[in-house]
Amino acid sequence: MPIDFTQIKSGEDFELLCEDLLRAMGFTIVQSPARGSDAGVDLIVSETVKDTMGFAEERKSLVQCKHYAHSGKAVPFADVANYREAMDQAKVRRYLLITSTLPSQDLQNKFKAVSEKGEYVALIWSKNHLACFLDAHPDVRNRYFPPPPGPTPAGDLAQAVEGLLTVMGFACQERQPAGDRVRLVCTSRAALTRPVAVVCKEGTVTRDDVEALLANVQAQGLGGGVLVTHTRVSPAARERAAETGDLVRTFTLDEFYRELINFEPYVHRLVAEYEEDELSTYYVDLGCQSGDGSIYKPMDGYVDRWLDDPARNHISILGDYGTGKTSFCRQYAAKLGRRWLADPDHCRIPILISLRDYAKAVSLKQLVTDFLVNRYSIQAGYEAFRRFNADGKLLLLFDGFDEMAQKVDYQTTVDNFEELARAVEARSKVLLTCRTPYFRTRAEAEKLLSPRGLEPLPEARDLPERAAIDLTERPNFEIVHLVPFGREDIQAMLRARFPGAWQGYWQRIEHTYNLAELAQRPVLLDMIARSLPHLKPGQALNAAQLYEAYTDLWLLRDEEKGRTLITRADKRLFMQELALEMLRREELSIHYSRLPERVRAHFRLEKAAEIDYFDNDIRTCSFLNRDGEGNYRFVHKSFGEFFVAQWLAPRIVDGSAPEMRVNEEVRGFVRGLLAVAKWSPPPPPGVVVPEGMAWVPPGPFIYGESEGTRVARLEQGFYIARTPVTNGQYARFVVATRHAPPEHWRGKTPPEALCDHPVVYVSWKDAVAYAEWAGGRLPTEEEWEKAARAIDGRVYPWGDEFDPGRCNAEESGIGTTTPVGRYSPDGDSPCGCTDMAGNVWEWTASEWEPGRDVRVLRGGAFGRGGWYVRCAARDWNLPVGWGGYYGFRLVASPVHL
């Protein structure tokens, strides 16, 4: 339970609290302060600590206490500015500030700087520290913050009933506890109505209870009486209540909730829709990995325990596309729905809301109202829903946050998450599913932007912080990741889908190159099972090629059965262009009323009858599903992403692809489709590539990552050095220009053993000066990335999997630079460049953000892990910044040569 420090009335009382707590923690009070009006009177304490050799040492500390809880203000440095004089006077070198609020940022920074110098130690205990220490010493806590009297079952019941009555339009005028019951007297906000007596009873409601309440109602001339219990109403009590003509009514608590909202028809429908779906016949339990690395399977058990834990309110289930997030939500909601129908008093009602149906910024009230009233015709207001949620009667399942997120910018995505998080109240339970890339804590962002174990540069700390969904300060929020299917899971799904032939399917999967690996993702396993008879034995596949084989099979089957008027090629092209339109419009569906016009324009039709025929063909024999409102969407989001990639891939190769934004899944599909493509266009006729350089042609390519992934275009081809500039090359520049050498050289000469290593300890300004002397320039980051990853969006220069044997990264275990070209050709990019992953970060000409003189570095370095040596990884520094990780390479265009 949180501690309210405003209960401490004065600074003197706060000082007494701190003194008692310090004593309980083992400190010795060396000097107690004189009591008075000053809230910052000094206190001196000592503690005995042992060093690493076991010798005891007594440490004295000066303690000052600042009690600002009533004003809520942070402690400014000015209020403790004399602390060093006070320490000198007390002859101590340790200082402790204890505050019932928080310290200002300026105060924290100054104390940190003083402690780092080592002459003094200045520490701060804020209200959060105090709360933790008081929790560890309940005797002190209870002395100053006495716990409230424990609630009674009847009192808890009355509190819940009173909340429901408030939403129903009643105001409770009296509350009279008496033994095993609490009597409320309530009046309606409606005019000319008499008060109603509501008795909340612990235990079974009997006929005698009805008789007693009836007599009370009649004696006082009340408008009626209500009896509510947590447990049960006896048949005799119900019978007697019915005889009163509703003058007295009886309810269990769940029945009373149903007076507010009746969810029963909705839950029956939810369960029936799942049980009638094919999914229910072959669903296989999923597993998940929690934040501490533990694996839980089945995940249903983990979520059951989460539901039972009052300290945990929100869980985000993350997984890549097709890993079973929606399937889990549907089956778990149906399971919970069956439990609630069997025992409504002790189980939660599952509210499954598909977020893919909502675009742009949303409010929780708007989303819930649409779900209750418009989609399920549940006549209830938002306040009634809030009461159910606050009282712990619901499980909210928000499925597909990523499908909402892709329609808006990142800040709106964060705002939408925060809006959904408003559903989290004391007794509520909220479950959200999302594709993995849409969650990133601030800590993860810092790992991407600064070297491991190092603080960002002081000059750069005021750079704008990117919006982030940050769960670090929300201990009741947690994240789990879905784990891939294992061997037993794959076999279980095959056994359920193909009872008589599953063993043959499994043997085929096991003996077909990487099919077993692809089958770890449920959506791909389903495709594999359907496509197996048509796949060539021994054929190697990636996910994109599997989608291609599966969609070909689907189209061919429709064509052979005579179920289509449109050729396979035309229908595939239509699907591609429809998916492309949805991506550009940031929509996941298209209303049936818009399809005829799309069909007419695509197939160049004029006659109304032809348009109707073709429109019907698209709707009934394609990859689209329709919802109850007439919106058509791809049967799985990944099909739309695949069709975009299938349209895009050949156009990237032939150079006609437009610049456009795509997501990580489209990038992955493009990469898979171009996996076997050979791309190394020669330079223009008559142009000879200089020795030591590689040609990078103009045209489109996949650029960036996460929400910044897009198709970019270079209008001009260029040459790029195959290797970073070496110490030996840089030495010739130093001699010729008298430029200052790097700090680790011996004068103007590098160590002989490092002559073929990339030069380091060079700033951006040093790199520009070298480039001007050499007749080249630094690459833009777009040029650098195309040279590193070519056109297909690969993750590393050699492919999609990190391999420490192909580059000098932290995992390679070298710990310093290596000779340029050491990892060639295995680590080379498709353009023939080496060391574009690891060895040294490389300066580029690009600014980190427009108008600010902060420069981008690319490529990672020997001291960074595999995540940081990806082709799309970025870092930054000021133009004058330098370090043992920083180097560069040059580019030039044919006109320069």
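The values are calculated or read from the model by the stated rules, or taken from the named source; none is laboratory data. What you are looking at is a predicted structure, and each value in this text was computed from that prediction instead of being measured. Note: ideal-geometry Cβ built from the backbone for every residue, glycine included; neighbour counts use all protein chains shown. Side chains included, ligands, DNA and RNA excluded: accessible areas come from the protein's heavy atoms. Shrake-Rupley method; radii C 1.70, N 1.55, O 1.52, S 1.80 Å.
Working carefully through the options Asn82, Asn142, Asn109, find the one that is over 23 Å from Thr28 (Cβ atoms), at pLDDT 90 or above and either out of contact with any Leu (no Cβ under 8 Å at 6 or more places or on another chain) or aromatic (Phe, Trp, Tyr) (or both).
Just one listed residue meets the conditions, Asn142.
Scanning segment 233-246 for residues that are small (Gly, Ala, Ser) and open to solvent by 30 Å² or more (accessible area, probe 1.4 Å), which turns out modelled with the lowest pLDDT?
Result: Gly245.
For segment 271-330, which positions are over 21 Å from Arg521 (Cα atoms) and acidic (Asp, Glu)?
Those that are over 21 Å from Arg521 (Cα atoms) and acidic (Asp, Glu): Glu273, Glu275, Glu276, Asp292, Asp304, Asp308, Asp309.
Considering only residues that are of a type in the set (D, E, K, R), over 26 Å from Arg667 (Cα atoms) and touching a residue at least 60 places away in the same chain (Cβ under 8 Å), which ones fall in segment 596-647?
Asp627
What is the one condition in (1) farther than 21 Å from Ser824 by Cβ; (2) surrounded by 21 or more Cβ atoms within 10 Å (Cβ to Cβ); (3) over 39 Å from the mean Cα position of the chain (by Cα) that Glu781 does not satisfy?
Glu781 satisfies all of (1) farther than 21 Å from Ser824 by Cβ; (2) surrounded by 21 or more Cβ atoms within 10 Å (Cβ to Cβ); (3) over 39 Å from the mean Cα position of the chain (by Cα) except (3).
For segment 641-653, check the following and say yes or no: at least one residue is under 21 Å from Ile590 (Cβ atoms) and of a type in the set (Gly, Ala, Ser).
There is at least one residue in segment 641-653 that is under 21 Å from Ile590 (Cβ atoms) and of a type in the set (Gly, Ala, Ser).
Touching a strand residue (DSSP E or B) at 6+ places or on another chain (Cβ under 8 Å), in contact (Cβ under 8 Å) with a residue 60 or more places away in the chain, open to solvent by less than 20 Å² (accessible area, probe 1.4 Å) and not in a helix (DSSP H, G or I): is that true of Ile317 in this structure?
yes
Does Glu403 qualify as being in a helix (DSSP H, G or I), open to solvent by 10 Å² or more (accessible area, probe 1.4 Å) and at pLDDT below 85?
Yes; evaluated as a whole, the condition is true for this residue.
Which ones in segment 79-130 are among the aliphatic types (A, V, I, L, M), touching an Asp or Glu at 6+ places or on another chain (Cβ under 9 Å) and surrounded by fewer than 20 Cβ atoms within 10 Å (Cβ to Cβ)?
Ala86, Ala90
Return the total of residues in segment 676-724 being in contact with a Lys or Arg (Cβ under 8 Å, 6 or more places away or on another chain), open to solvent by less than 50 Å² (accessible area, probe 1.4 Å) and either without any contact (Cβ under 8 Å) to a residue 24 or more places away in the chain or among the basic types (Lys, Arg) (or both).
Total satisfying the criteria: 0.
For segment 135-154, indicate whether the set of residues that are in contact (Cβ under 8 Å) with a residue 12 or more places away in the chain, touching a strand residue (DSSP E or B) at 6+ places or on another chain (Cβ under 8 Å) and β-branched (Val, Ile, Thr) is non-empty.
Yes, that holds for at least one residue.
I'd like to check which strands (runs of 3 or more DSSP E) are fully inside segment 1-78 and have at least 3 residues that are modelled with pLDDT under 90 and surrounded by fewer than 19 Cβ atoms within 10 Å (Cβ to Cβ).
Ranges flagged: 43-50, 56-66.
Six or more apart or on different chains, Cβ atoms under 8 Å: show the pairs whose first residue is in segment 255-274 and over 12 Å from Lys393 (Cα atoms) and open to solvent by 80 Å² or more (accessible area, probe 1.4 Å) and whose second is modelled with pLDDT under 90 and in a helix (DSSP H, G or I).
If the second residue must be modelled with pLDDT under 90 and in a helix (DSSP H, G or I), the pairs left are Glu259/Leu164; Glu259/Met168.
Conditions tested, residue by residue: (1) aliphatic (A, V, I, L, M); (2) assigned to a helix (DSSP H, G or I); (3) without any contact (Cβ under 8 Å) to a residue 24 or more places away in the chain.
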position: Asp826; (1), (2), (3): no, no, no
position: Met836; (1), (2), (3): yes, no, no
position: Trp867; (1), (2), (3): no, yes, no
position: Gly881; (1), (2), (3): no, no, no
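Of all residues being among the polar types (S, T, N, Q) and either at pLDDT 95 or above or over 18 Å from Ser763 (Cβ atoms) (or both) in segment 836-880, which is surrounded by the most Cβ atoms within 10 Å (Cβ to Cβ)? Just the residue, please.
Asn839
Counting only residues that are out of contact with any Leu (no Cβ under 6 Å at 6 or more places or on another chain) and either surrounded by 23 or more Cβ atoms within 10 Å (Cβ to Cβ) or closer than 21 Å to Pro153 by Cα (or both), which one in segment 179-199 is modelled with the lowest pLDDT?
Step by step, filter segment 179-199, then rank; the result is Gly179.
So which residues in segment 801-823 are among the polar types (S, T, N, Q), open to solvent by less than 60 Å² (accessible area, probe 1.4 Å) and assigned to a loop (DSSP other than H, G, I, E, B)?
Result: Thr817, Thr818.
Looking only at segment 881-897, how many residues end up being surrounded by 23 or more Cβ atoms within 10 Å (Cβ to Cβ) and either of a type in the set (Gly, Ala, Ser) or more than 15 Å from Ala767 (Cα to Cα) (or both)?
Result for segment 881-897: 1.
So in segment 200-232, with the set limited to residues that are part of a strand (DSSP E or B) and open to solvent by 10 Å² or more (accessible area, probe 1.4 Å), which one is farthest from Arg249 (Cα to Cα)?
Looking at residues that are part of a strand (DSSP E or B) and open to solvent by 10 Å² or more (accessible area, probe 1.4 Å), I get Lys201.
Scan segment 291-303 and report the pairs whose first residue is over 17 Å from Phe477 (Cα atoms) and whose second residue is open to solvent by 60 Å² or more (accessible area, probe 1.4 Å) and polar (S, T, N, Q), with Cβ atoms within less than 9 Å and a gap of 6+ or a chain change.
Ile295/Gln289; Tyr296/Gln289
Which condition from (1) of a type in the set (A, V, I, L, M); (2) exposed (fewer than 15 other Cβ atoms within 10 Å of the Cβ); (3) under 21 Å from Met168 (Cα atoms) is the one that Ala311 breaks?
Among (1) of a type in the set (A, V, I, L, M); (2) exposed (fewer than 15 other Cβ atoms within 10 Å of the Cβ); (3) under 21 Å from Met168 (Cα atoms), the lone unmet condition for Ala311 is (3).
Specify which of the listed residues (Glu659, Glu641) is buried (at least 17 other Cβ atoms within 10 Å of the Cβ) and closer than 29 Å to Glu581 by Cβ.
After ruling out the rest, the residue left standing is Glu641.
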